[in-house]
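> I have a structure I would like to understand better, so I am pasting it below and will then ask my questions one at a time.
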There are 2 protein chains.
Amino acid sequence: MNLEKAKMDFSNHVKSLQNEICDTLRTFDPLLTMTEDKWDRFDFNDAPGGGGITRYFQGDIIESAGVNTSEIFGAINPEFSKHLSGTGTELWASGISLIIHPRNPRVPTVHANFRMIQHGSKHWFGGGADLTPFYPHLDDFAHFHGVWKKACAPYGCYEEMKKTCDNYFVNKHRDNEMRGVGGIFFDHVSSDIKSDFDQVIDLSKNFIESYFPIVKKRVNEKYDKADEDFMLYRRGRYVEFNLIHDRGTLFGLKTKGRTQSIFVSLPPRCTFHYDFLCEKNSAQEKMNKLYSPHNW
Amino acid sequence: MNLEKAKMDFSNHVKSLQNEICDTLRTFDPLLTMTEDKWDRFDFNDAPGGGGITRYFQGDIIESAGVNTSEIFGAINPEFSKHLSGTGTELWASGISLIIHPRNPRVPTVHANFRMIQHGSKHWFGGGADLTPFYPHLDDFAHFHGVWKKACAPYGCYEEMKKTCDNYFVNKHRDNEMRGVGGIFFDHVSSDIKSDFDQVIDLSKNFIESYFPIVKKRVNEKYDKADEDFMLYRRGRYVEFNLIHDRGTLFGLKTKGRTQSIFVSLPPRCTFHYDFLCEKNSAQEKMNKLYSPHNW
């Protein structure tokens, strides 16, 4: 498998995965509306530099979701290129990035992305999937991690990718509190092009099974104001992570990505508190203590 | 005036200004509750490094406000000290920082801060005040800017400080849209200690007159859902600026400031939209076009 064929196949794969995830999303919410924007990007020299397909959803069950793909290429800021592995001032990147913010706080938020990057002499893959729950349904966390553990088994990569995820989605400025309960995360996977490609494609196919059974199980669960207040507070922490720490967000803004598309990750509503207090012995107090590494 | 006396006097001044602003705030909202936290800070070597007084308010008229002072000193991260003017790896800083988020969208949000910093051989002052309205009450913007223009007149500094403000509170990633309608902003004011000190103290005394007459004028104005939706959307942009671009936020986090105190700047509630649309010919549509430099 040569690099050019891998690039083309990867771009086709993420687009078909985008369709499949969007179709699954629709089955859960009859009132879901979709805004689709196909956008063109211009590179650092204002030459055509690829683009993407942004799909933004709003609904009753799914409060908001973004399921985006993009394929970009061309010149990048020479200063920025120094911070990347690889050579030269041209970059090619293709990937899918998605986030789902359900309205019911008993249904967790999820984020995933799978990407391939080429910078001159070097190519690498990155990605992962992570869960951000607002209610201590421990069996949901076990399901999510269980699917990824099984998916990773042929490659022996679960332990490392789980640990990388636990270390990545962290608000360092909040005493190292995690954004959610993790999942898997990997970056700079770069050895043999064929085996890298096969592994990442294979992993990406597990997203639907890792998340949607949880939605199905929890979507009709009753919730109250304490659930909702806690979700809105934790969504605030989600915003803090994405805007202060997330390399994906930074990468997008630095490579002249489309701000509007990058920011579909932000929750539709959230709150910020000086000092959020959970009721003693409540489910929220229990959940609030679980944003740290665990073996689910 | 020697440097040590200036430092002591500056710290005393910001604390008395803090009291005065808090007292004024209370006159507007009988239901306002205050949480006061006096906190200690530890420096880069975990030695005592000063601290601060955080006052967080929540109420009916004032949805949230933070009026904070701090005086910090001691060792800083040597890496970080390279990015500062001055010498050595010790830093002293004192200042007041405040933000007021009224509940009524017809009353603008305001932010101000005044600070003095010493890094080895160098001292400098910084600060400013800026207004973030959600309704096109142009006469309010003229009042705010008018007060600062008059305050700056003895120093001939309004034009420059207004321009610096217009250039600073900008979401570069949103086509250079301003956070609000500006005000004044200055940094690295560093010449003669006595004249610097007198100028900054003098400017800081104008905050109350620049803002509270607007609150008084607008606080009973009726508003509707379109007003509130627009405010929540613009508060989202406020969050984007503070977490992605604001040097003050970054400075606080890098110098081991107290996260909880730094983040009182974040609005209590906000929303994020893929594509916020204002109604044609509405006040919101008019306001939305005003987040760019103007001569008010």
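> Roughly how big is the A-B contact, given as buried accessible area in Å² (both sides, 1.4 Å probe, nearest 100)? Don't skip to the end; give the middle numbers.
Values: alone 13680 and 13650 Å², together 25110 Å².
The summed interface area works out to 2200 Å².
> Shifting gears a bit: Mind putting a number on the dipole of region B:3-288 about its Cα centre? Charges go on the C-beta only, +1 for Lys and Arg and -1 for Asp and Glu, and I need it in Debye to the nearest 20. Show your work: numbers first, answer last.
Values: 36 positive and 39 negative charges, 18 e Å.
It comes to approximately 80 debye.
> In addition: For region A:3-288, what does the accessible surface come to per residue with a 1.4 Å probe? Please give it in Å². If you can, show how the numbers build up before the last one.
Numbers: 11820 Å² over 286 residues.
The answer is 41 Å² per residue.
> Among B:171, B:185, A:284, which residue has its Cα positioned farthest towards the positive end of the charge dipole of the protein assembly as shown, with +1 placed on the Cβ of Lys and Arg, -1 on the Cβ of Asp and Glu, and the dipole taken about the Cα centre?
A:284
> May I ask you to order B:14-26, A:63-75 by the average number of other C-beta atoms within 10 Å around their residues, highest value first? Please report the intermediate quantities before stating the final value.
Details: B:14-26: 16.6, A:63-75: 22.6.
Per-residue mean Cβ counts within 10 Å order the peptides as A:63-75, B:14-26.
> Now a separate question. For region B:169-181, just list the computed ³J(HN,Hα) in residue order, Karplus coefficients 6.51, -1.76 and 1.60, θ = phi - 60°, integers in Hz, with x standing in for Gly and Pro.
Ordered by residue, 3J(HN,Hα) equals 7, 10, 8, 4, 6, 10, 6, 6, 5, 6, 5, x, 10 Hz.
> Can you tell me, using C-alpha contacts under 8 Å and at least 6 residues apart, the relative contact order of region B:3-288 as a whole percent? Could you put the intermediate results ahead of the total?
Values: 524 pairs, mean separation 47.9, N = 286.
Rounded, it is 17 percent for region B:3-288.
> Treating the angle as unsigned and between 0 and 90°, give the value, to the nearest 10°, between the Cα long axis of helix B:225-240 and the longest Cα principal axis of chain B.
30
> Also, quick follow-up: What angle, in degrees between 0 and 90 and rounded to the nearest 10, separates the Cα long axis of helix B:207-218 from the longest principal axis of the Cα atoms of chain B?
Its long axis makes an angle of about 20 degrees.
> At 7 Å along the Cα-to-beta-carbon direction for both residue B:26 and residue B:175, put a label point, then send me their distance in nm to one decimal.
Placing both labels 7 Å along Cα→Cβ, they lie 4.6 nm apart.
> Taking the convex hull of the alpha carbon atoms in region B:3-288, what volume per residue do you get, in Å³?
Working: hull volume 36.3 nm³, N = 286.
That works out to 127 Å³ per residue.
> Over 40 Å, how big is the tail of the calculated P(r) for the protein assembly as shown, in percent of all Cα pairs? Before the final figure, lay out each step's value.
Numbers: 54301 of 174936 pairs.
I get 31 percent for the Cα pairs in the protein assembly as shown exceeding 40 Å.
> Shifting gears a bit: Percent of accessible area on chain A owned by carbon and sulfur, 1.4 Å probe? Please list the in-between numbers first.
On the way: 6390 of 12570 Å².
For chain A, the apolar C and S fraction of the accessible surface comes to 51 percent.
> Starting from the Cα of residue A:222, draw a straight line to each of the lysines and keep only those under 19 Å, dropping any in the same chain fewer than 8 residues away.
A:286
> With each label point set 7 Å from Cα along the Cα-Cβ vector, what nm distance links residue A:250 and residue B:202?
Computed distance between label sites residue A:250 and residue B:202 equals 4.2 nm.
> If you don't mind, there's one more thing I want to ask. What is the gain in length, in nm to one decimal, between residue A:160 and residue A:46 on full extension, counting 0.36 nm per residue of separation less the C-alpha to C-alpha distance? Write out the running numbers ahead of the final one.
On the way: separation 114, 0.36 × 114 = 41.04 nm, distance 3.97 nm.
Gain on stretching residue A:160 to residue A:46: 37.1 nm.
> Can you work out the FRET efficiency for the pair residue A:259 and residue B:224, with r the C-beta to C-beta distance and R0 = 30 Å, to the nearest 0.05? Provide the component values of the computation, followed by the final result.
Values: r = 29 Å, r/R0 = 0.97.
So, using R0 = 30 Å, E works out to roughly 0.55.
> Largest first, how would B:8, A:161 line up by accessible area (1.4 Å probe)? Let's see the in-between values first.
On the way: B:8 120, A:161 15 Å².
Greatest to least solvent exposure: B:8, A:161.
> Amide H of residue B:179: which non-local residues (sequence gap of 5 or more, or other chain) have their own amide H closer than 5 Å, using H built in the peptide plane?
B:170, B:171
> Given a cut-off of 24 Å, name the pairs among B:15/B:256; A:149/A:217; A:163/A:280 whose C-alpha atoms lie farther apart than that in the structure shown.
Numbers: B:15/B:256 21 Å; A:149/A:217 21 Å; A:163/A:280 31 Å.
Check vs 24 Å cut-off fails for A:163/A:280.
> Show that you can apply the helix-only estimate: for the protein assembly as shown, add -39,500 (n - 2.57) for every DSSP H stretch of four or more residues, divide by all residues, and state [θ] at 222 nm to the nearest 500. Could you put the intermediate results ahead of the total?
On the way: 20 runs with 228 residues, N = 592.
Helix contribution divided over all residues of the protein assembly as shown: -12000 deg cm²/dmol.
> Hey, can you list the residues from region B:261-283 whose accessible area shrinks by 20 Å² or more with all protein chains present, relative to the chain by itself (probe 1.4 Å, no ligands or nucleic acids)?
Flagged in region B:261-283: B:263, B:266, B:268, B:270, B:271, B:272, B:274.
The values are calculated or read from the model by the stated rules, or taken from the named source; none is laboratory data. Small disclaimer: the values here were computed from a predicted structure and weren't measured. Every residue, glycine as well, gets a Cβ built from its backbone with ideal geometry; the counts of neighbours run over all protein chains shown. Accessible surface is based on the protein model in full, side chains and every heavy atom, while ligands, DNA and RNA are left aside. Shrake-Rupley method; radii C 1.70, N 1.55, O 1.52, S 1.80 Å.
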